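The values are calculated or read from the model by the stated rules, or taken from the named source; none is laboratory data. As the structure is a computational prediction, the values presented were derived from the model and not from experiment. Here the Cβ is made from the backbone with ideal geometry for all residues, glycine too, and neighbour counts use every protein chain on show.
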Amino acid sequence: MAPKRTDTLKTRNFPMPEPTWTASPGGTYTRPLLGSEALSDGLSLRADGGGEGCMGISFSSTITPTALCDRVRDALLRLRYHSPLIAARLVSADSSQIRWWSYSVASDLSKANEWCLRALKVHHDGPSVEDFVATMSRARLPYREGTDELFFACHLLLRESGPHSLFFHGTHAIMDAAPTLDAFAQMLSWISDPPDGSELSWGHEWVNLPEGPITATGGEGEGQDVEIPKLVRRMEAIASNPKPSESLKPQRREIQDQGASVRVQHCIDAARSSRLIRNVRLSGLSITVLFEAAQALTVFERNHIPSEDEDTAHVTHDFSAISLKKRLVSPQDHFVSAMVLVPIVLHYRDVKLLEGKERLVRAMEIMKEQYDGWKSSAHLPSVALRWAPPSAPNPYAGFFTNIGDIDAIMPKAWPDAERRLIEVSDFVIGHRNSYNTRPLTHLWTFDGKIHLQVQASDMWDAEYLSLFALDVIEHAMLLI
């Protein structure tokens, strides 16, 4: 007998504040996209797939290529069982602009295997990582396999010389960085140390479908009727500033190749990264605000703020992401977008009289105070259902997001440091940049090194973005 849906929600004794999964005859389950799922999908629909993600790792392995293919296939099957949303379709509802998830159960192992044959793409003598990311950036979801549509696929790139690669390519409505890294860690665990699959009860995997952000984080607390509107009004007040944010200046005014990405990345060596991280911890601040402040200060310096604008000039990162992972009841099985986008602002007037390290630290403190204010609210997950950042007055204003410490989520050696059947050597992320005029900065730490990547559409020159990233790093290094 299939376990009841409530069996997976024993710690969630509260009235349902948002739509949940509805069963239809034939084993299909549906619910509307909620929170950042809907926000990400809405962006994709409006911008010809803008934001669709390609995220992957490169790795060496002592497992033979033939065995590796088998293990990856089995691991992907297990991922589908524990995170069945990767096999769902996105469907339109006649009366709503928000799409719905539609998940059809795999009635038995053979049905699950049929899906896996479509969802797993094996590339023998695979392309380079850069060529693959460039190809995926130009691709447009869904994959079409006969009458089937796939909004998520797994790519295994096998190479005779050099490391192999494993990529996920899918909708951002699923592939936030935090849950995607968790999924990679699960895959690597299962590939390197395959479990017995006999316990997978196909046809019942629907119980693992993720609930919306409010339910998944434990439900709305007391005072939501007052506190949630307050949060939204704070965000609206920042977004309504008639003065556009300061920004970089693009080299062209139009995108020539929709979807194509210009990506530049710089890595800070392990010794300097360690010193930065240590000094950040001693200051009581964070790597996120260090580089977000460094980026804002770099923009101010490049734009040479005129005296008449000193009191009104600002850099606003209106899409700064706060992951809901730490609030989730079951984070390991929540492979779906779960974040809140908040505005973070630095006013030039607050740092104009300061210089060097003192200026940087003050900017960090200002931004941390804002992050702490947003994070302190118990109702932050509810804001994801009620707030979507409006279009920025400046179409070139930058984004910033810190993916985090990948080493803490996805260690290099699998299944452990002694056996090392798999050793991860690199992490890669890219997005489809159709109709996107704004550069996006990603920050992460991997193998003890801080990485800073800037990507944008072909309105921007790679050399210009690369020099900008180096300037941001130079500002951040003032903390040492």
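Only one of the numbered conditions (1) of a type outside the set (Gly, Ala, Ser); (2) in contact with a helix residue (DSSP H, G or I) (Cβ under 8 Å, 6 or more places away or on another chain); (3) at pLDDT below 95; (4) more than 26 Å from VAL329 (Cα to Cα) is violated by ARG71, and that is (3). Checking each residue in segment 188-212 for being more than 24 Å from the chain's Cα centre (by Cα), part of a loop (DSSP other than H, G, I, E, B) and either over 13 Å from TYR103 (Cα atoms) or aliphatic (A, V, I, L, M) (or both) picks out ASP193, PRO194, PRO195, ASP196, LEU200, SER201, TRP202.
Considering (1) in the same structural domain as GLU254 (by TED's automatic domain parsing); (2) over 22 Å from THR180 (Cβ atoms); (3) surrounded by fewer than 21 Cβ atoms within 10 Å (Cβ to Cβ), the lone condition that ASP405 does not fulfil carries the number (2).
How do the pairs read when you match residues in segment 261-275 that are part of a helix (DSSP H, G or I) with residues anywhere that are at pLDDT 95 or above and of a type in the set (Lys, Arg), using Cβ under 8 Å and keeping only pairs 6 or more apart or on different chains? Within 8 Å, the pairs are ALA270/LYS449; SER273/LYS449.
Could you pull out every one of the strands (runs of 3 or more DSSP E) wholly within segment 367-447 that has 2 or more residues that are without any contact (Cβ under 8 Å) to a residue 12 or more places away in the chain and over 16 Å from the mean Cα position of the chain (by Cα)?
Numbers: elements: 399-405, 422-431, 440-446.
Answer list for segment 367-447: none.
In summary, ASP70 fulfils each of the numbered conditions (1) assigned to a helix (DSSP H, G or I); (2) touching a residue at least 24 places away in the same chain (Cβ under 8 Å); (3) surrounded by fewer than 15 Cβ atoms within 10 Å (Cβ to Cβ); (4) not aromatic (Phe, Trp, Tyr) with the single exception of condition (2). Taking the criterion of being within 30 Å of THR28 (Cα to Cα), modelled with pLDDT of 95 or more and assigned by TED's automatic domain parsing to the domain that holds LEU43, would at least one residue in segment 124-134 satisfy it? Within segment 124-134, not a single residue is within 30 Å of THR28 (Cα to Cα), modelled with pLDDT of 95 or more and assigned by TED's automatic domain parsing to the domain that holds LEU43. Checking each residue in segment 329-383 for being surrounded by fewer than 18 Cβ atoms within 10 Å (Cβ to Cβ) and among the small types (Gly, Ala, Ser) picks out SER330, GLY356, GLY373, SER376, SER377, ALA378. Looking only at segment 340-361, decide whether some residue is assigned by TED's automatic domain parsing to the domain that holds ALA397, of a type outside the set (A, V, I, L, M) and part of a strand (DSSP E or B). Checked segment 340-361: at least one residue is assigned by TED's automatic domain parsing to the domain that holds ALA397, of a type outside the set (A, V, I, L, M) and part of a strand (DSSP E or B).
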